[in-house]
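The values are calculated or read from the model by the stated rules, or taken from the named source; none is laboratory data. Since the model is a prediction, treat every value here as computed from it, not as a measurement. Cβ sites come from the backbone with ideal geometry, for glycine too, and all protein chains shown count toward neighbours.
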Amino acid sequence: MSDNPETPKVEVGSIVDGTVLRIKPFGAIVSLPDNLQGLVHISHISTSFVQNIEDHLSVGDEVKVKVILKDPETGKISLSIKDASPPPTRSEYRPRQQSAPSDGSFEDKVKEWLKSSNERQAGLNKRNKRR
């Protein structure tokens with residue numbers, strides 16, 4: 001362990017600075033204080049869906065991580081980038097595409113939704129027939 005009181009301890013629940021050492025298909029290996037390493041699983045990289053880790057992280061990136069598990073038997077450390085920062089505000093989420101607002105009645109809105117739904121279903125059926 002480090003004797004420097006400025007260095008945060010790598011304990012479950014603590015948030016520490018780390019450096020991305022390697023990227024694997026399932027996550028990123030991060031260097032931690034006290035010559036430790038931990039894994040940020042792909043599901044703990046971002047609050048949004050991560051298909052390709054390299055779209056979010058690169059080797060050498062400095063990251064803040066939260067220690068979520070430290071197995072004393074195996075020495076494995078599980079980390080989370082998404083839990084190390086405050087949750088995104090509602091405006092930070094990707095907005096869904098919405099149709100133009102209508103000032104119509106409820107029945108008009110249902111008709112508009114049914115039309116849109118039927119068009120999407122027709123497109124899916126057409127695509128499935130091509131396969």
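Would you check if there is a residue in the stretch 43-58 being surrounded by fewer than 19 Cβ atoms within 10 Å (Cβ to Cβ) and part of a strand (DSSP E or B)?
no
Scanning the stretch 59-83 for residues that are of a type in the set (Val, Ile, Thr) and under 12 Å from Leu32 (Cα atoms), which turns out surrounded by the most Cβ atoms within 10 Å (Cβ to Cβ)?
So the residue we want is Val65.
Can you name the residue in the stretch 90-118 that is among the basic types (Lys, Arg) and at pLDDT 85 or above and is also surrounded by the most Cβ atoms within 10 Å (Cβ to Cβ) among such residues?
Checking each candidate, the answer is Lys109.
Per-residue answers, yes or no, for (1) touching a helix residue (DSSP H, G or I) at 6+ places or on another chain (Cβ under 9 Å); (2) modelled with pLDDT of 95 or more; (3) not assigned by TED's automatic domain parsing to the domain that holds Ser80:
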| position | (1), (2), (3) |
| --- | --- |
| Lys9 | yes, no, yes |
| Pro25 | yes, no, no |
| Ala28 | yes, yes, no |
| Ser31 | no, yes, no |
| Asp34 | no, no, no |
| Leu39 | no, yes, no |
| Thr47 | yes, no, no |
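When the residues of the stretch 25-38 are filtered to those that are assigned to a strand (DSSP E or B) and under 14 Å from the mean Cα position of the chain (by Cα), which remaining residue is farthest from Glu62 (Cα to Cα)?
So, considering only residues that are assigned to a strand (DSSP E or B) and under 14 Å from the mean Cα position of the chain (by Cα), the one farthest from Glu62 (Cα to Cα) is Gly27.
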